[in-house]
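See structure below.
We did not get these values from a lab; they are worked out from the coordinates using the rules stated. Not measured: the values here are computed from a predicted model. Neighbour counts run over all protein chains shown; Cβ positions are idealised from the backbone, glycine included.
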Amino acid sequence: MYQLYIANKNYSSWSLRPWILLSQLGIPFEECIVPFDTGSNWEKFRRFSPSGKVPCLVDDQTIVWDSLAIAEYLAESYPEVWPDSREARAWARCASAEMHSGFSVLRNSCPMSVGVRIRPHQLSESLITELARLSELWEQGLNQFGGPFLAGKKFTAVDAFFAPVAFRIQSYDLPVSPAAKAYAERLLNLQSMMEWEEEALKEVWREEGHEQEALAIGVLLNDLRAE
């Protein structure tokens, strides 16, 4: 059985991607949570991950330490990881890669923190630009392939790659188009996403760096996490 090493569910957006993909597709795996410590986690995560980062998938003697590589590795055994049609697969891979390597302003200025609700101060022009691109990209997929997911009727890896963005939209009430908002809510209502959120809210771990990054964007309205 696969072993998936992840960090705190409240914070770790990269961990969510393979976790939700495996969970939503019903692929058996063992969850291995290793919480973030304050400061560097290099040595701690190096015990299981060559990059010293999460997520990391272990399959017997094979170690896969990048979220996009994990998706491709799983697709070799589970073709349903990607859409059925060649056109949809091409689009889904492009969109996943864009999220994997892009949207740096969204990622850095709105870190994932599942349990908080924050009213942002003024949003930067660069963040607004990225949110507009996000809306455009999601609408393109939904319109081109008919929904309700980004590449068609079924949840695939491209939806997994944008799952953390749905939590960000919820936490910071980020301005996206009505269609994008509806898609984010659709993701949040998936059983696996609700399970992740429930478990994130139960976590009592706090890492000061992540906490301060989330608070930097605005005013804390509510903290739904366990004390």
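For CYS56, which sequence-distant residues (separation of 5 or more, or a different chain) have an amide H within less than 5 Å of its own amide H, given hydrogens modelled in the peptide plane?
Amide H to amide H, under 5 Å and 5 or more residues apart or across chains, CYS56 pairs with TYR5.
Could you give the length gained by full extension between GLU43 and GLU87, i.e. 0.36 nm per residue of separation minus their alpha carbon distance, to one decimal place?
Values: separation 44, 0.36 × 44 = 15.84 nm, distance 4.19 nm.
Stretched out fully, the GLU43 to GLU87 stretch lengthens by 11.7 nm.
For region 208-225, in order, what is each residue's ³J(HN,Hα) by Karplus, 6.51 cos²θ - 1.76 cosθ + 1.60 with θ = phi - 60°, in whole Hz (x at glycine and Pro)?
Result, ordered by residue: 4, x, 5, 4, 5, 4, 5, 6, 5, 7, x, 9, 6, 9, 7, 10, 8, 7 Hz.
How much length is gained on full extension from ALA69 to ASN222, taking 0.36 nm per residue of separation minus their Cα-Cα distance?
On the way: separation 153, 0.36 × 153 = 55.08 nm, distance 3.60 nm.
Gain on extension, ALA69 to ASN222, equals 51.5 nm.
What does the convex hull of the alpha-carbon atoms of region 76-194 project to on average, in nm²? Before the final figure, lay out the partial values.
Details: hull surface 29.7 nm².
Over every viewing direction, the Cα hull of region 76-194 projects on average to 7.4 nm².
Given H placed on each backbone N at 1.01 Å, which residues far from ILE63 in sequence or on other chains put an amide H within less than 5 Å of it?
Hits under the 5 Å cutoff: none.
In whole angstrom, how far apart do the alpha carbon centroids of region 139-177 and region 79-109 sit?
After rounding, the separation between the Cα centres reads 10 Å.
Taking the structure as given and computing Kirkwood radius over Cα pairs in Å, which label from (1) 18.6; (2) 20.4; (3) 17.9 fits?
(3)
Arrange the peptides 107-115, 70-78 so that the one whose residues have, on average, the most other Cβ atoms within 10 Å appears first. Write down the numbers at each step before the final one.
Working: 107-115: 21.1, 70-78: 17.4.
Answer by packing, highest mean first, reads 107-115, 70-78.
At 0.36 nm per residue, minus the direct Cα-Cα distance, what do HIS121 and SER177 gain on full extension? Give it in nm, one decimal, please.
On the way: separation 56, 0.36 × 56 = 20.16 nm, distance 1.98 nm.
Working it through step by step, the gained length comes to 18.2 nm.
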